[in-house]
Structure formats: C-alpha cells, structure tokens
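Data first, discussion second: the structure below is written as structure tokens.
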Amino acid sequence: MARTTLIVLAVLASTGLATVGNAAAGEPQLALAQAAEPATSESPETRMNRRFPQKVRVGHLIGLPMLDDNDVTLGTVQKVVRTPEGKIELIVDYSKWFGWFGRPVAVPIEVVAILARQIASIDMPRQDYETAPTWSQGKAVTIADDEIIRIAVTRR
Amino acid sequence: MAIRTPSRSIFRPRRPVDQGILNANRSLVETINRRNVLRGSLSLGALTLLTGCNVTENDHVQSALRAVSAWNDKVQSVIFRPGHLAPTYTEADVVKPPRFNAYYDIEEVKPVDGSAWKLELSGRIENKKPWTVQEIYALPEEELIIRHICVEGWDYIGQWSGVNFRAFLERIGADISAKYIAFHCADGYVESLDMPTALHPQTILATKYAKEPITDPFGFPLRLRTSTKLGFKNAKWIVAIEVTNSFPETYYGKEGFNWFSGI
C-alpha cells in the first residue's frame with residue numbers, strides 16, 4: 001500500500017497529471033479501466049428504479065457532460081426528447097476527437113445516472129456510442145427546459 | 001537572447017530520486033486508488049528531504065505520510081474559528097438533485113422507515129427522550145446554501161434546511177462543554193464532530209434539501225450538515241446522537257482518514 005502510494009505521488013510530482021477517477025470508499029483499489037458489467041436479465045427500467053431516480057429539471061441536463069466508465073467525456077447533452085413511444089432520450093453529441101466531428105446519439109434515460117453536474121453512462125458503454133445510429137428528430141418531441149423528469153443517481 | 005540556467009535551489013536534493021521504483025512497479029500505477037492518494041499530502045521530492053527517510057522502505061514512507069497528514073489535521077483544528085462563517089450562495093447556484101455518495105453503491109441503499117424511526121440520545125444529555133420524525137420536523141428551521149466538498153475532489157452547492165444543531169443540543173440539555181458528538185447511522189456508519197464544530201452557527205440537523213424533505217439516498221429522515229467539514233463528516237440516516245468525552249472511533253477513521261477534516 002505504501003509503495004503504491006509512493007509510486008503514485010512520484011508520477012504526480014513528475015508529470016503534473018491530475019488524478020483521475022474516484023475510488024470507492026472502503027475498497028482497497030479500483031482499476032482505472034474497469035470493464036462494463038455484463039448484461040443482466042433485468043430491464044433498463046428495473047435497473048433505473050433500483051438507483052433511486054430523483055426529480056430533475058430538464059434544463060439542468062442541457063450542456064452536462066456524459067461520462068464513460070473511465071470518466072472520459074463522451075459528449076454533452078444537447079437536448080432531451082420524448083419518442084412517440086413515450087420514452088425519454090438524452091441527445092448527446094458523441095465525439096471521440098475532443099469534441100470535434102461529433103454526431104448526435106440518442107441515450108435512453110434508463111441507462112444513465114446523474115452526478116450533480118455530470119452524467120454517467122453506466123449501462124451504455126463507449127462502444128455502444130460508436131455503433132449507435134446518428135440521431136435525427138423525426139417524430140420525437142423536444143422536452144421543454146422547465147419540465148421535471150426523473151433520473152437515476154449513482155456514485156463514482 | 002541567452003537562456004539563463006536557473007541557479008541551483010538550496011532545497012534540491014543532492015542526489016536524484018531513484019526512478020527505478022516506477023519502472024519496477026508500473027503495473028501498480030494503473031491501480032491508483034484516488035482516495036488513498038488524497039489521504040497523503042507529501043510529495044516524493046519533499047520526502048527525500050526528510051532526515052533519515054529512506055523512500056524505498058515502506059515503513060518510513062508510511063510513517064512520514066501519516067505524520068504529515070496528522071500534522072495538517074492538527075493545524076486545521078488549531079486555526080478553526082468558531083464564529084467564522086463559510087461563504088453562502090443563492091438558490092440559482094443550487095444543484096438539484098445533489099450528488100450521492102456513500103461507502104457502498106446506490107443500489108445498496110436501504111431506506112429508513114420514517115414511521116418507525118426514532119432519534120435516540122445518549123451520553124452527557126439531561127433529556128434523553130427519543131425524537132420522532134414529526135417532532136424533529138416541527139422544530140424551527142434554518143436554511144443553509146453552502147458548498148459541499150468531498151475528499152474525492154468534487155463539490156457542489158447545496159441547499160439544506162433543518163434545526164440549528166447548537167439550539168437542538170441546548171434544548172435537550174446536552175453538556176456543551178463535552179469534547180465530542182458521535183453520530184450513529186442506520187447503515188452502520190459512525191461519524192463524530194468536535195464540540196466547537198457542533199456549536200458552529202452553520203451546523204444543522206438537516207431534514208430538507210431545496211425546500212423538500214430529504215429523499216432516501218441523501219439521508220432521510222435526518223442528516224448532519226456542516227459548512228466547515230469535508231463531505232464524509234456529514235453523517236446521513238442518523239439514528240442516534242451521543243455527547244461524550246471519550247473519542248468516538250469513526251468509519252473512515254479506521255480507514256486511515258483524518259478525523260478533524262476541516263475545510
């Protein structure tokens with residue numbers, strides 16, 4: 001443990017790198033590149049409901065960064081829409097080039113959780129953003145900023 | 001223009017630090033525990049300046065880190081000003097919902113049954129009658145819009161309401177000359193405060209967030225809210241309060257965290 005701490009401090013002192021990721025309290029170590037949880041038989045709605053969804057004003061979500069499992073930004077929320085089926089989706093300008101050459105990707109509200117001023121894409125890994133179709137408005141209706149919806153919470 | 005070479009600092013070590021440790025343990029670097037890093041405040045460079053400190057010996061390094069960390073904590077307690085107020089903010093700055101954190105994941109939160117909940121009191125208190133949710137909610141409220149700062153490095157502006165803690169202690173006849181207040185929580189978490197912090201004007205027992213009752217993940221029905229401590233000192237889901245002169249061991253104290261943890 002002390003040796004690990006020494007190495008970490010040496011890296012920070014020599015490179016000036018900021019620490020990344022939040023370790024879970026009480027757990028001895030947490031790998032930076034943690035693999036996504038394998039899919040379970042639970043529906044996305046069930047998983048969301050186990051994460052104590054809280055009220056949130058839609059306007060608060062606009063502009064928030066969407067983070068992957070490594071706390072790397074996938075994109076920012078551009079708008080929140082309701083599909084003709086009644087599902088709520090966050091439209092994220094996904095980019096893997098530091099915000100350049102982004103394209104809109106629809107992210108179901110059930111697969112994310114909020115971290116105050118960031119959103120964690122906890123059930124939609126980065127590779128799913130890569131393969132997701134480019135979103136277009138179609139019959140989806142943009143939800144007004146003042147509307148209150150529910151979003152799951154999580155911790156890092 | 002000629003480039004001037006900086007003069008050699010008198011504080012620079014005469015011998016460079018052995019970087020071999022980094023190469024030999026590169027894989028360990030990838031399993032950085034950020035919380036453990038934030039516990040230590042000593043840089044590698046500063047370590048080498050300590051007389052007799054061999055940075056390749058784990059015991060020496062650990063002792064030095066703990067000593068500096070404990071020193072920092074002690075200094076914080078000495079410079080604490082009981083009447084000095086933390087900055088406050090406006091409702092426009094408040095984040096809704098607040099950020100969740102605990103020593104376990106959100107799915108493991110076990111909501112407290114408010115109808116069965118009672119706040120138990122013990123220790124150096126005259127009136128140890130337990131309090132119900134309704135009785136706590138009926139107490140005069142104060143509102144705080146302050147910054148929550150987590151030891152992990154994140155923060156947010158939150159809006160909490162509840163009874164002023166000093167007023168509550170006086171109401172129950174607590175011995176405010178005692179040294180410590182211990183908070184026992186429904187999830188087994190234990191935290192404690194020094195009495196000066198407990199009596200600080202911006203310490204409350206919070207029942208509301210953003211003017212609505214605190215919800216399950218954030219400590220329903222009762223949590224502590226201070227303006228002068230790191231986030232983990234603000235116990236949630238409180239079920240018992242003890243006033244004591246015996247130092248109460250805390251959950252994160254056992255993990256090696258500093259106890260005073262002032263901000």
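None of the figures in this text is laboratory data; all of them are computed from the coordinates on show. Source: prediction; values computed, not measured. In this analysis, Cβ positions are derived from the backbone assuming ideal geometry, glycine residues included, and neighbour counts consider all displayed protein chains.
Worth pointing out:
- When the alpha-carbon atoms of the stretch B:123-217 are used, the pair Rg, Dmax equals 14.0, 40 angstrom.
- Gain on full extension, evaluated as 0.36 nm per residue between A:Arg103 and A:Glu85 minus their Cα-Cα distance, stands at 4.2 nm.
- Each residue of the stretch B:66-82 was assigned a 3J(HN,Hα) from its phi angle through the Karplus expression (A = 6.51, B = -1.76, C = 1.60, θ = phi - 60°), giving 5, 5, 5, 4, 5, 4, 4, 5, 5, 4, 4, 5, 6, 8, 4, 10, x Hz with x at Gly and Pro.
- Convex hull volume of the Cα atoms of the stretch B:91-254, normalised per residue: 105 Å³.
- Cα gyration tensor shape for the stretch B:78-144, rounded if a/c is under 1.5, else prolate or oblate: oblate
- The HN-Hα couplings worked out from phi for the stretch A:51-64 by the Karplus form 6.51 cos²θ - 1.76 cosθ + 1.60 (θ = phi - 60°) are 9, 6, x, 10, 5, 8, 6, 4, x, 5, 7, 5, x, 6 Hz, whole numbers, x standing for Gly and Pro.
- Amide hydrogen proximity for A:Thr154: with H placed 1.01 Å from N in the peptide plane, the residues at 5 or more positions away or on another chain lying under 5 Å are A:Ile114, B:Phe100.
- The modelled label-to-label distance between B:Asp187 and B:Ala167, using points 7 Å beyond Cα along the C-beta direction, is 2.9 nm.
- Test item: B:91-103 mean partner chain Cβ contacts at 10 Å: 5
- Euclidean distance between Cα centres, the stretch B:66-110 to the stretch A:115-129, Å: 26
- Put in order of Cβ neighbour count within 10 Å, fewest first, the listed residues B:Lys236, B:Lys229, B:Lys211, B:Lys179 become B:Lys211, B:Lys179, B:Lys229, B:Lys236.
- Calculated FRET value between B:Lys129 and A:Ile149, using beta carbons and R₀ = 45 Å, to 0.05: 0.60
- Whether the stretch A:43-153 is rounded, prolate or oblate, judged on the alpha carbon gyration tensor where a/c under 1.5 counts as rounded: rounded
- Cβ-based exposure ranking for A:Thr46, B:Thr197, in which fewest neighbours within 10 Å come first: A:Thr46, B:Thr197
- Pairs from the table (A:Lys87/B:Lys229; A:Lys87/B:Lys96; B:Lys96/B:Lys229) lying more than 31 angstrom apart at Cα are A:Lys87/B:Lys229.
- Rounded FRET efficiency, nearest 0.05, which uses the C-beta distance separating B:Asp105 from B:Ser63 and R0 of 60 Å: 0.95
- Here the dipole of the stretch B:131-263 is about 160 debye; that uses its Cα centre as origin and unit charges on the Cβ of Lys and Arg (positive) and Asp and Glu (negative).
- Modelled spin labels at B:Ser246 and B:Lys208, positioned 7 Å past Cα toward Cβ, are 3.8 nm from each other.
- Using the Cβ-Cβ distance between A:Val72 and B:Ala138 with R0 set to 60 Å, the FRET efficiency from 1/(1 + (r/R0)^6) comes to roughly 0.80.
- Shape of the stretch B:167-247, Cα gyration tensor, a/c cut at 1.5: prolate
- Under 5 Å between amide hydrogens, built in the peptide plane, is the criterion, and for B:Lys179 it picks out B:Thr244, B:Asn245 among residues at least 5 positions away or on other chains.
- Taking other C-beta atoms within 10 angstrom as a stand-in for reagent exposure, A:Arg82, B:Arg99, A:Arg103 fall in the order A:Arg103, A:Arg82, B:Arg99, fewest first.
- Per-residue mean of C-beta atoms belonging to partner chains within 10 Å, peptide B:153-161: 2
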